[in-house]
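Undergrad: Provided herewith is a single structure, encoded as structure tokens, for subsequent inquiry.
The values are calculated or read from the model by the stated rules, or taken from the named source; none is laboratory data. Keep in mind it's a predicted model, so treat the numbers as computed, not measured. Every residue, glycine as well, gets a Cβ built from its backbone with ideal geometry; the counts of neighbours run over all protein chains shown.
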Amino acid sequence: MHIGIIAFGILCQLVIVWFVSEKLYFTVGLWVGIITACIYAYHLWWSLDRNLTVNADNEKGAAAFSLKHSILRYASVMLILMGLWFLGGNTAMLAGFLGVMGVKAGAYLQPLILRIADRNKD
């Protein structure tokens, strides 16, 4: 999934950067968002894996664990986006949001990337 997130970031950097006036703020915001997306994806995997192994028999504990970690992920993304807004205004914040949406692009690209990786193993 991380490969898809980074590929999405490279594509956005190569295409969209030419259409914004504040290129430095866009670039910083985009890559902060991409790094945030990679950490977000890892934390999502970790929390799901841990929840399924530790709380397999405890339904209430599993729901509370999932809720706590979902709130933690969303709150940290919001704090990072607010920090980007204070750093570079709307350009950095919107580019950061675009970078965080790399999680979606990475999820959609994952089957294609796995198919290509399996083809190259032979």
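Undergrad: Taking the range 19-46, which residues are of a type outside the set (A, V, I, L, M) and more than 15 Å from the chain's Cα centre (by Cα)? Walk me through it before giving the result.
TA: As a first pass, look at the range 19-46 and keep what is of a type outside the set (A, V, I, L, M): 19, 21-23, 25-27, 29, 31, 33, 36, 38, 40, 42-43, 45-46.
Matches in the range 19-46: 19, 21, 22, 23, 25, 26, 27.
Undergrad: Still on this structure: Got a sec? Which of 120, 90 is among the polar types (S, T, N, Q), modelled with pLDDT under 85 and part of a helix (DSSP H, G or I)?
TA: None of the other options fit; the residue is 120.
Undergrad: How about the range 16-50: which of its residues are among the charged types (D, E, K, R) and assigned to a helix (DSSP H, G or I)? Before you say what the answer is, go through the steps one by one.
TA: Of the range 16-50, the ones among the charged types (D, E, K, R) are 22-23, 49-50.
Correct list: 23, 49, 50.
Undergrad: Pick from 61, 102, 29: which is in contact with a Ser or Thr (Cβ under 7 Å, 6 or more places away or on another chain) and either loosely packed, with under 12 Cβ neighbours inside 10 Å or among the small types (Gly, Ala, Ser) (or both)? Steps first, answer last, please.
TA: Working: 61 fails: in contact with a Ser or Thr (Cβ under 7 Å, 6 or more places away or on another chain); 102 fails: in contact with a Ser or Thr (Cβ under 7 Å, 6 or more places away or on another chain).
Within the list 61, 102, 29, the selection yields 29.
Undergrad: The conditions are (1) surrounded by 15 or more Cβ atoms within 10 Å (Cβ to Cβ); (2) modelled with pLDDT of 90 or more; (3) within 17 Å of residue 108 (Cβ to Cβ), and residue 1 fails exactly one of them. Which is it?
TA: So residue 1 meets the others, but not (2).
Undergrad: Here's a follow-up. For residue 26, all conditions in the list (1) more than 19 Å from residue 104 (Cβ to Cβ); (2) out of contact with any helix residue (DSSP H, G or I) (no Cβ under 7 Å at 6 or more places or on another chain); (3) among the hydrophobic types (A, V, I, L, M, F, W, C) hold save one; what is the number of the exception?
TA: For residue 26, the failing item is (2).
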